[in-house]
Amino acid sequence: MKPILLCLLFLSALVLGIHFDLHASPADQDHKRCLSQWIPAKTEVLIKVIVENQPNTHALEFKVHDDSIHKNSFAARTNVKDETVRLETQAHSNVIVCFKNVLLPGKY
């Protein structure tokens, strides 16, 4: 029983998915949702963002950075539909992904 349990725990560590709704706000308001995970240095990280049912009056933005003493910035994207970011951490730190759903000017 233990080998099967260890195998299942290993597989569950490889795949982690989060699904959530994000309310839209004008660009001048800083309404965002951030997720963070502590990750050791020299670890490959894959972030896949899939936007479902996004009206053409909204644009999703996201930024990826860490909280190390160097404040590494890994990615920043705007008007995201489907996006994949692959990175390697530079230090033991929290990797932070922040999302913002922006109402496009003149479209709301």
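Residue count for segment 67-108 satisfying the condition of being free of Cβ contacts under 8 Å to residues at least 12 places away in the same chain and either in contact with a helix residue (DSSP H, G or I) (Cβ under 7 Å, 6 or more places away or on another chain) or within 16 Å of Lys42 (Cα to Cα) (or both): 2.
Restricting attention to segment 60-75, the residues being assigned to a strand (DSSP E or B) and either aromatic (Phe, Trp, Tyr) or closer than 22 Å to His31 by Cβ (or both) number 9. Among the residues making up segment 89-108, those that are assigned to a strand (DSSP E or B) and over 10 Å from the mean Cα position of the chain (by Cα) are Ser93, Asn94, Lys100, Asn101, Val102, Leu103. Scanning segment 51-75 for residues that are at pLDDT below 90, among the hydrophobic types (A, V, I, L, M, F, W, C) and exposed (fewer than 14 other Cβ atoms within 10 Å of the Cβ) returns no hits.
Within segment 15-54, the set of residues being part of a loop (DSSP other than H, G, I, E, B), of a type in the set (A, V, I, L, M, F, W, C) and in contact (Cβ under 8 Å) with a residue 12 or more places away in the chain comprises Ile18, Phe20, Leu22, Ala27, Ala41, Val51. Inside segment 76-88, residues that are surrounded by fewer than 15 Cβ atoms within 10 Å (Cβ to Cβ), part of a strand (DSSP E or B) and under 14 Å from the mean Cα position of the chain (by Cα) make up a count of 5. For Lys63, indicate whether it is touching a residue at least 60 places away in the same chain (Cβ under 8 Å), within 24 Å of Gly17 (Cβ to Cβ) and touching a strand residue (DSSP E or B) at 6+ places or on another chain (Cβ under 9 Å). No: the conditions fail for Lys63.
The values are calculated or read from the model by the stated rules, or taken from the named source; none is laboratory data. The structure displayed is predicted, hence computed values, not measured ones. Using ideal geometry, Cβ is built from the backbone for each residue, glycine included, and neighbour counts are taken over all protein chains shown.
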